[in-house]
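Asks: Following this message is one structure expressed as structure tokens.
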Amino acid sequence: MTDKRTIRGIHHITAITSSASANVTFYENILGLRLVKQTVNFDDPFTYHLYYGDREGNPGTILTFFPWLGLPPGKSGAGMVTAIAFEIPTGSAGYWQERLHRHGIETNKTLRFGDEVISFADPHGLGLELIASGGPALERPGDTAELAYRIRGFHSATELTKSLQPTQELLVHLGMVLRDRDGSRFRFAMDNDEFRARWYDLVVDPEAEKGQQGSGTVHHIAFRTPTDEEQKQWQRSLGEIGYQVTPVRDRKYFKSIYFHEPGGVLFEIATDPPGFAVDEPLEDLGRSLQLPPQFESWRAKIEAELPPLRPPAFVHEFVGPRASGSGEMTLVALHGTGGDEQDLLPLAQVVASGAAIISPRGQVKENGMNRFFRRLAAGVFDEKDVVRRAHELADFLLITAAGHNRPLDKLVALGYSNGANIAAAVMFLRPEVFSEAILLRPMLPLSQPPAVDLSGKKVLILRGRMDKMIPAYSTDQLIKVLTDAGAQVEVRTIAAGHGPTSSDSEVASQWLADFHP
Ligand code: ZN
């Protein structure tokens, strides 16, 4: 290492997501990272800020998230970090591909500068890569493959930019060196004794569309500096070449300065000290909510507001597919208020004989009756709860379907009343979950659903002519919002009241047979 002041690698990368619980499930259970800090967004203390890393939470391993429940997806593009790459041991690419596939995650394998690269996306569409360049796995007796092949921290990050030169000049000012080139990809190296998190790739495409921030996109990238003193020197030297650098902000686990690089990405320079063990012992990192002193007096209110990171599993019934019939499809049966996981099984078996069925029980109790979300009064939904529960249900369905080896693009909702309303909420908030939906006696579950593209989705709405429970205008609103979002909606009115009848199952089964013969 030289004496010259130079950036020492990636410190952390921060991304935006929507569901905190889906985030924890994915990064802990599937990628095997450690949640090293549960805290709140210091600028928005009723939302989480979650940090993942290696066991000690070392700089160069830290991926952090702002989860804003219900935030619509963003679009990765120019002026953004479009891929976050982790380093895995050489020889472990096959293990990781197999592991990701087992969880229903599609991967793509390529070669980059001679290393195997596995590309995939997290549950909210964030672009991730695993790069097998970390040297052989450390073989210690008794280690499982899970331990031997674990992620070692970041390998690199890729920025998509419209023009090379201005960003290149900045990277050089920060002490990075252009090391390699492959077509439109330029690889810059940072000086780092640990050989970790030391690459920054620029992919240059003058025609690239500008990215839009939202769920599933990177918010900023932070680079390492060892001391407060050096951080101040960076602040001064960047100011001298025309960058608008923020004052030093105390982030409790490090100190930060921020500025925008010429391509549009928000850069941060963060100090290595003091690290994550500053407010809880190393062995307890991430176990409980840590608040900065200014929010400690609000703790009770903040804790009540934040959704649980590990919500309880849904009690549910799973019926395997029968050999003949609608073998690929999985019907998701969602009961009405006061029902349970058994209620809709007979109806589901008539609607799609032979299909697999997942039938969860709603987790909210209202006067002893099961529901899928809370309401404030009859017909008045607690919309915050609707959003939270819809995400929990979506996560549960994807994990359960993958666990039973069911194709994840053929989940069909069959919801009745309260179950139809949560199914509609899942369509607006997590459009990837259901390909089709059969909604018996539904209402609009959110007064202002997020703008979402539902083109290609098919929805059957079954109204009851004598239904006295459901206000007709609310069903009309739902039909309008679904149609405006591009869904193909068919509405049938059955000569029935609020309860489902054999006419409902006949109409539904004929409608479904058109798409799943
Ligand atoms: Zn940061």
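None of the figures in this text is laboratory data; all of them are computed from the coordinates on show. The structure presented is a predicted model; accordingly, all values stated were derived computationally and were not measured. Because the Cβ atoms are built from the backbone with ideal geometry, glycine has one as well, and the counts that use them run over all protein chains shown.
Asks: Estimate the FRET efficiency between residue 232 and residue 448 by the formula 1/(1 + (r/R0)^6), using the beta-carbon distance for r and 35 Å for R0, to the nearest 0.05.
Replies: 0.15
Asks: Give, rounded to the nearest 20 debye, the magnitude of the charge dipole that the range 292-398 has about its Cα centre when Lys and Arg contribute +1 at Cβ and Asp and Glu contribute -1 at Cβ.
Replies: 120 debye
Asks: Set the Förster radius R0 to 41 Å, insert the Cβ-Cβ distance between residue 369 and residue 252 as r into 1/(1 + (r/R0)^6), and round the FRET efficiency to 0.05.
Replies: Approximately 0.40, to the nearest 0.05.
Asks: How far apart, in nanometres, would the label points at residue 503 and residue 121 be if each is projected 7 angstrom from Cα along the Cα-to-Cβ direction?
Replies: So the label points at residue 503 and residue 121 sit 4.2 nm apart.
Asks: Net charge near residue 184: determine it from the other residues with C-beta under 15 Å of the C-beta of residue 184, scoring Lys and Arg +1 and Asp and Glu -1.
Replies: Every neighbour counted, the sum reads -1.
Asks: HN-Hα J couplings of the range 118-124 from phi, Karplus 6.51/-1.76/1.60, θ = phi - 60°, integer Hz, Gly and Pro as x?
Replies: Result, ordered by residue: 9, 10, 6, 10, 7, x, 10 Hz.
Asks: Counting other beta carbons within 10 Å of each Cβ, put 303, 28, 436 in order, fewest first.
Replies: The most exposed by this proxy come first: 303, 28, 436.
Asks: Continuing with this model, one more query. For Cα pairs less than 8 Å apart in space and 6+ apart in sequence, what is the mean separation divided by the residue count of the chain, i.e. the relative contact order in percent?
Replies: 13 percent
Asks: Check residue 83: other-chain or 5+ apart residues with amide H under 5 Å from its amide H, H built from backbone geometry?
Replies: Here the answer is 158, since their amide H atoms fall under 5 Å of that of residue 83.
Asks: If we count every other residue with Cβ under 10 angstrom of residue 117's Cβ, Lys/Arg +1 and Asp/Glu -1, where does the sum land?
Replies: -1
Asks: Moving on. Sort 380-390, 274-284, 61-71 by the packing proxy (mean of other Cβ within 10 Å over each peptide's residues), most packed first.
Replies: Ranking, from highest mean packing down: 61-71, 380-390, 274-284.
Asks: Structure shown: which of 365/410; 384/468; 37/232; 252/301; 162/210 lie over 18 Å apart, alpha-carbon to alpha-carbon?
Replies: Exceeds cut-off: 365/410; 384/468; 37/232; 252/301.
Asks: Could you tell me which residue out of 197, 404, 243 lies farthest along the dipole of the chain toward its positive end? Charges go on the beta carbon: Lys and Arg +1, Asp and Glu -1, centred on the Cα centre.
Replies: Of the listed residues, the answer is 404.
Asks: Would you pull out the residues with amide H under 5 Å of residue 366's amide H, same chain only if 5 or more places away, H placed 1.01 Å from N?
Replies: So residue 366 has HN proximity to 371.
Asks: Another question, then. If the viscosity is 0.890 mPa s and the temperature 25 °C, what Stokes-Einstein diffusion coefficient in µm²/s follows for the range 1-128 when Rh is the Kirkwood radius over Cα pairs?
Replies: Approximately 152 µm²/s, per Stokes-Einstein.
Asks: Still on this model: Calculate for the chain the 222 nm mean residue ellipticity that helices alone would give, adding -39,500 (n - 2.57) per DSSP H run of length 4 or more and normalising by residue count, nearest 500 deg cm²/dmol.
Replies: Taking each H run of at least 4 residues, the total per residue is -6500 deg cm²/dmol.
Asks: Please compute the net charge surrounding residue 317, taking Lys and Arg as +1 and Asp and Glu as -1 over other residues with Cβ under 11 Å from its Cβ.
Replies: Net charge in that neighbourhood comes out at -2.
Asks: At q = 0.21 Å⁻¹, what is the log10 ratio I(q)/I(0) for the range 199-272, with the Debye formula run over Cα points and no solvent?
Replies: Here the Debye-derived log intensity ratios amount to -1.00.
Asks: In nm, what is the difference between 0.36 nm times the number of residues separating residue 465 and residue 277 and their Cα-Cα distance?
Replies: Here the answer is 61.4 nm.
Asks: Determine, for each peptide in 495-505, 114-124, the mean count of other beta carbons within 10 angstrom over its residues, then list the peptides with the highest first.
Replies: With the highest mean Cβ count within 10 Å placed first, the list reads 114-124, 495-505.
Asks: Quick check on packing: order 139-147, 81-89, 253-261 by the mean number of other C-beta atoms within 10 Å, highest mean leading.
Replies: 81-89, 253-261, 139-147
Asks: ³J(HN,Hα) across the range 402-417 via Karplus (A = 6.51, B = -1.76, C = 1.60, θ = phi - 60°), whole Hz, x for Gly/Pro?
Replies: Values, residue by residue: 5, x, 9, 6, 8, x, 7, 9, 10, 8, 10, 6, 10, x, 10, 6 Hz.
Asks: Suppose every K and R has +1 on its Cβ and every D and E has -1 on its Cβ; what is the size of the dipole of the range 245-300 about the Cα centre, in Debye to the nearest 20?
Replies: 200 debye
Asks: To continue, here is another question. If amide H atoms are built 1.01 Å from N in the plane of the peptide, which residues on other chains or at least 5 residues away come under 5 Å of the amide H of residue 212?
Replies: 75, 76, 77
Asks: Please give the length that would be gained between residue 491 and residue 210 if that part of the chain were fully extended, namely 0.36 nm times their separation in residues minus their C-alpha to C-alpha distance (nm, one decimal).
Replies: Going from the current span to full extension adds 97.2 nm.
Asks: In debye, nearest 20: dipole of the range 188-309 around its Cα centre with unit charges on the Cβ of K, R (+) and D, E (-)?
Replies: Charge dipole, the range 188-309, about its Cα centre: 340 debye, nearest 20.
Asks: Report, as a whole number in µm² per second, the diffusion coefficient that Stokes-Einstein gives for the chain at 25 °C and 0.890 mPa s using the Kirkwood radius over alpha carbon pairs.
Replies: 99 µm²/s
Asks: Distance between the C-alpha centers of the range 143-170 and the range 176-193? Whole Å please.
Replies: 11 Å
Asks: Expressed as a whole number of Å, what is the distance separating the alpha-carbon centroids of the range 1-41 and the range 244-287?
Replies: 11 Å
Asks: Still on this structure, please answer the following. Modelling each spin label as a point 7 Å along the Cα-to-Cβ direction, I'd like the residue 483/residue 90 distance in nm, to one decimal.
Replies: Distance between label points: 6.2 nm.
Asks: Let me ask another. Give me the extension gain from residue 382 to residue 402: residue separation times 0.36 nm, minus the current Cα-Cα distance, reported in nm with one decimal.
Replies: Length difference between fully extended and current span is 4.2 nm.
Asks: Need one word for the range 134-277: rounded, prolate or oblate. Basis is the Cα gyration tensor (sqrt eigenvalues a ≥ b ≥ c); a/c below 1.5 gives rounded, then a/b vs b/c decides.
Replies: It comes out oblate by the Cα gyration axes.
Asks: Work out from phi, with θ = phi - 60° and the Karplus expression 6.51 cos²θ - 1.76 cosθ + 1.60, the ³J(HN,Hα) of each residue of the range 350-365, listed in order in whole Hz, and give x for Gly and Pro.
Replies: 6, 5, 9, 5, x, 6, 6, 10, 10, 10, x, 9, x, 9, 9, 10
Asks: Obtain the nm distance between the two label points defined at residue 296 and residue 110 by a simple spin-label model: each point lies 7 Å from its Cα along the Cα-to-C-beta direction.
Replies: 5.0 nm
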